[in-house]
1. Please name all residue pairs, on different chains or six or more residues apart, with Cβ atoms under 9 Å, provided the first residue is in region 264-275 and is within 24 Å of ALA237 (Cα to Cα) and the second residue is part of a helix (DSSP H, G or I) and charged (D, E, K, R).
2. Could you look through region 242-270, keep only residues that are surrounded by 15 or more Cβ atoms within 10 Å (Cβ to Cβ) and farther than 30 Å from ARG199 by Cα, and pick out the one that is farthest from the chain's Cα centre (by Cα)?
3. Suppose we filter THR168, THR218, THR158 for residues that are in contact with a Gly (Cβ under 8 Å, 6 or more places away or on another chain) and touching a residue at least 40 places away in the same chain (Cβ under 8 Å); which single one remains?
4. Which condition breaks for SER43 when tested against (1) part of a strand (DSSP E or B); (2) under 17 Å from the mean Cα position of the chain (by Cα); (3) hydroxyl-bearing (Ser, Thr, Tyr)?
5. If you scan region 71-89, which residues turn out to be assigned to a strand (DSSP E or B) and either among the aromatic types (Phe, Trp, Tyr) or surrounded by fewer than 17 Cβ atoms within 10 Å (Cβ to Cβ) (or both)?
6. Which one of ARG126, ARG111, ARG166 is modelled with pLDDT under 90, more than 30 Å from THR61 (Cβ to Cβ) and among the basic types (Lys, Arg)?
7. Given the criterion touching a Pro at 6+ places or on another chain (Cβ under 9 Å) and of a type in the set (D, E, K, R), identify the matching residue among ASP92, ASP129, ASP121, ASP105.
8. Checking the structure you have, find out if any residue of region 60-74 is of a type in the set (Gly, Ala, Ser), under 20 Å from the mean Cα position of the chain (by Cα) and more than 18 Å from SER7 (Cα to Cα).
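The values are calculated or read from the model by the stated rules, or taken from the named source; none is laboratory data. Just so we're clear, the structure is a prediction, and the values are computed from it rather than from any experiment. Neighbour counts run over all protein chains shown; Cβ positions are idealised from the backbone, glycine included.
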Amino acid sequence: MSALSVSSLSKRYGATAALRDVSLEVGTGELVGLLGPNGAGKSTLMKIACGLVRPGGGTVTVSGAPAGSDAARRSLGYLAELFRFPGWCTADEVLVLHQRLAGSDGGASERRELLELVGLDGEAQRRVDTMSKGMQQRLGIAQSLIGSPKLLLLDEPTSALDPAGRRTVRELLEELRSRGASVLLNTHLLSEVEHVYDRVVIINRGTIVAQGAPEELTRARGVQVELASGLRLFDGAAREDVPRIVAELVAAGEQVYSVQLLRSTLEERYLEVVA
């Protein structure tokens, strides 16, 4: 059973089509990055999956249950792009509140574990209004993990984080995958998905324009060889061409120092499909 199944999903806001016949799956233990420009429909898709927005057509299920149902909501954790916690609450009090809302009986041990997971151990009694934006973002991620949900929907969770904070989140996501949790993450930071995520879905103007593993979305650009005489590019060559290229260069009297396979970047592919 898929953690998230979206089939022929559509949604309109007046004359604007936010989603048009969108279908995608997030498997058990799979990390999927959702990419697209502003207004592409990413946040609308997540809100429909949470049951916060009604679809115009199509179906969405979470662990087999209809989106918005009690069973579906018990199976997922959600972090909105724009969220606010009461400034007078401590980090521990925020998690206590969300434990009650989620019906979690994890108690103090769950709260300690979650704060440690997001790098906020030792900050349980710190008030929200004294935290940096990055610390509040990590606290938001912690609340989304209450109750050990099977599916996490994270809307721009690293937007306010510094490089160290983003690394903490990447390590956390890899830990969650090892536990069998599934993640759909909406982000503008291509580097976040290129090295961590199993699959990337690119959406533009309410339609999926490309999807696949990061290495599948990029393409070979050739082979670059470092010679005593300088760099030489063999445009269009692939991995299987390397032995022949090196043998021909050596036979011609060239000294070969290094060989590099060149591929287009995920950013280049992204710009190509959303242009």
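1. SER264/GLU272; THR265/GLU194; LEU266/GLU194; GLU267/GLU194
2. Per the criteria, the residue is GLU254.
3. Only one candidate qualifies: THR168.
4. (1)
5. TYR78
6. On the way: ARG126 fails: modelled with pLDDT under 90; ARG111 fails: modelled with pLDDT under 90.
Checking each option against the conditions leaves just ARG166.
7. None of the other options fit; the residue is ASP129.
8. no
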